[in-house]
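The values are calculated or read from the model by the stated rules, or taken from the named source; none is laboratory data. Keep in mind that what you see is a predicted model, and the values were worked out from it rather than measured. Cβ sites come from the backbone with ideal geometry, for glycine too, and all protein chains shown count toward neighbours. For accessibility, only protein heavy atoms count, side chains too; no ligands or nucleic acids. Shrake-Rupley method; radii C 1.70, N 1.55, O 1.52, S 1.80 Å.
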Amino acid sequence: MAEPTTQVADRMDPESERWLERLGPEAVDRDVALAELRELLLRAARFEVRRRCATMAHIRGSDQEDLAQQSAADAMIAILAKLEDFRGDSKFTTWAYKFALYEAAARIRKLAWQTREVPLEAEAWPQVPDPGPAPHGEVEMNDLLAAIREEIENSLTARQREVLVALALNEVPIDVLAERFGTTRGALYKTLHDARRRLRAALVSRGLMTDEGEKEHR
């Protein structure tokens with residue numbers, strides 16, 4: 001197992017190696033390194049919070065600072081738990097910066113949806129337009145959309161239907177949905193994958209799609 005570690009170290013920049021050394025549990029100046037890392041994460045979180053709150057006038061001043069502080073703290077926990085995953089493909093500071101950006105973005109998304117109802121029901125699905133007199137290609141597309149809606153209703157489980165409608169049709173952020181359902185992002189991704197696979201199989205069986213997922217042309 002020593003050889004892969006050597007290969008990683010060979011391509012890691014000296015600054016990143018130093019960060020890893022200083023953040024190690026036995027490092028003499030670990031507390032100083034942690035304080036420096038927190039400042040880096042806080043700068044990143046403040047930047048992302050300000051950027052995303054530019055169109056959210058109700059989140060101001062101290063509220064933005066609280067969001068940034070919480071995001072930086074969460075990012076710090078995540079980074080320390082994943083230090084062994086860092087392989088030097090980018091600078092350590094760049095890698096760490098992304099954790100803060102993600103945590104801040106996730107908190108803002110959750111806040112934006114805090115007072116909104118997550119649309120899960122069939123009434124929230126887009127309406128298929130009345131085909132009426134239309135070119136042949138448009139009629140075919142309307143038929144396909146109608147079939148998709150029918151199979152979403154009939155071929156998916158209730159949970160698969162809720163997840164597909166919320167994530168794919170209504171663009172609910174996955175971390176928001178995970179919090180509402182009391183589950184994880186990974187579990188929702190699996191449910192979404194299973195729903196799409198079942199929906200595709202239903203459309204293939206009706207001759208509306210090929211096994212490769214493309215619409216049949218007659």
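Mind listing just one residue for me: the one in the range 136-185 that is closer than 18 Å to ALA105 by Cβ and of a type in the set (Asp, Glu) and, of those, modelled with the lowest pLDDT?
GLU171
Restricting attention to the range 107-118, which residues are surrounded by fewer than 19 Cβ atoms within 10 Å (Cβ to Cβ) and either of a type in the set (Gly, Ala, Ser) or in contact (Cβ under 8 Å) with a residue 24 or more places away in the chain (or both)?
ARG109, LYS110, LEU111, ALA112, TRP113, VAL118
Under 8 Å between Cβ atoms, at least 6 apart or on separate chains: pull out the pairs that start in the range 13-37 with a residue that is more than 20 Å from ASP74 (Cα to Cα) and end on any residue that is in a loop (DSSP other than H, G, I, E, B) and open to solvent by 80 Å² or more (accessible area, probe 1.4 Å).
ASP13/LYS91; GLU15/LYS91; SER16/LYS91
Would you tally the residues in the range 153-185 being aliphatic (A, V, I, L, M), open to solvent by 10 Å² or more (accessible area, probe 1.4 Å) and in contact (Cβ under 8 Å) with a residue 40 or more places away in the chain?
Summing the residues that are aliphatic (A, V, I, L, M), open to solvent by 10 Å² or more (accessible area, probe 1.4 Å) and in contact (Cβ under 8 Å) with a residue 40 or more places away in the chain in the range 153-185 gives 2.
Please go through the range 71-94 and pick out each residue that is assigned to a helix (DSSP H, G or I), in contact (Cβ under 8 Å) with a residue 60 or more places away in the chain and open to solvent by 10 Å² or more (accessible area, probe 1.4 Å).
Of everything in the range 71-94, those that are assigned to a helix (DSSP H, G or I), in contact (Cβ under 8 Å) with a residue 60 or more places away in the chain and open to solvent by 10 Å² or more (accessible area, probe 1.4 Å) turn out to be LEU83, THR93.
For residues that are part of a loop (DSSP other than H, G, I, E, B) and open to solvent by less than 70 Å² (accessible area, probe 1.4 Å), scanning just the range 186-215, find the one that is modelled with the lowest pLDDT.
Ranking the candidates gives GLY213 first.
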